[in-house]
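Chemist: Handing you this structure, nothing more for now.
The values are calculated or read from the model by the stated rules, or taken from the named source; none is laboratory data. For clarity, every value in this text was computed on a predicted model and none was experimentally measured. Positions of Cβ are backbone-derived with ideal geometry, glycine not excepted, and every protein chain shown enters the neighbour counts.
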Amino acid sequence: MNPPETNDPLDALLRDQNAYIEDNGFTARVIASLPRRHSPFLIRQTLLLGATAIGAALTVLWLPWENLPAFNWTALLSLNIQMLPWVLVFSVPGALVWAAVSAVQWDD
């Protein structure tokens, strides 16, 4: 096995304090030739907000309000089976909002 060279110019260059290695404009040319990245972030946010609003509105419209039991916090927190419709009333819009927020924060 050969001992490592002590006068390696590449090693000296990488150890130098200068973080940028001169490349005669190669990096700038490559960056300039890359296609522009179009971020559909605003469109995605608008669509997700609209889908969430439509889902919440449909939940409110299609829910049989006249058949719901009287709302009672203690029965709801004790997981009484008669309060299951109220659990759905809170969980469906909550799930829609959670999904929309998660999707908006997700990076491609």
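Chemist: In region 60-90, which residues are among the small types (G, A, S) and surrounded by 12 or more Cβ atoms within 10 Å (Cβ to Cβ)?
Modeler: Listed by number, the list holds a single entry, A75.
Chemist: Also, I was wondering about something else. Please work out if W86 is free of Cβ contacts under 8 Å to residues at least 40 places away in the same chain and out of contact with any Leu (no Cβ under 6 Å at 6 or more places or on another chain).
Modeler: no
Chemist: Could you list, in sequence order, all residues of region 66-78 that are under 34 Å from the mean Cα position of the chain (by Cα) and at pLDDT 75 or above? Even if it seems obvious, please write down each step before you answer.
Modeler: First pass over region 66-78, keeping only residues under 34 Å from the mean Cα position of the chain (by Cα): 73, 76-78.
Hits for region 66-78 are W73, L77, S78.
Chemist: Looking only at residues that are surrounded by 12 or more Cβ atoms within 10 Å (Cβ to Cβ) and of a type in the set (V, I, T) in region 36-59, which one is modelled with the highest pLDDT? Let's see the steps before the verdict.
Modeler: The first filter runs over region 36-59 and keeps only residues surrounded by 12 or more Cβ atoms within 10 Å (Cβ to Cβ), leaving 44-45, 47-49, 51-53, 55-56, 58-59.
Then drop every residue that is not of a type in the set (V, I, T), which leaves 52, 59.
Numbers: T52: 80, T59: 77.
The extreme case among them is T52.
Chemist: On the given criteria, is R37 closer than 20 Å to V104 by Cβ and basic (K, R)?
Modeler: For R37, the condition - closer than 20 Å to V104 by Cβ and basic (K, R) - is met.
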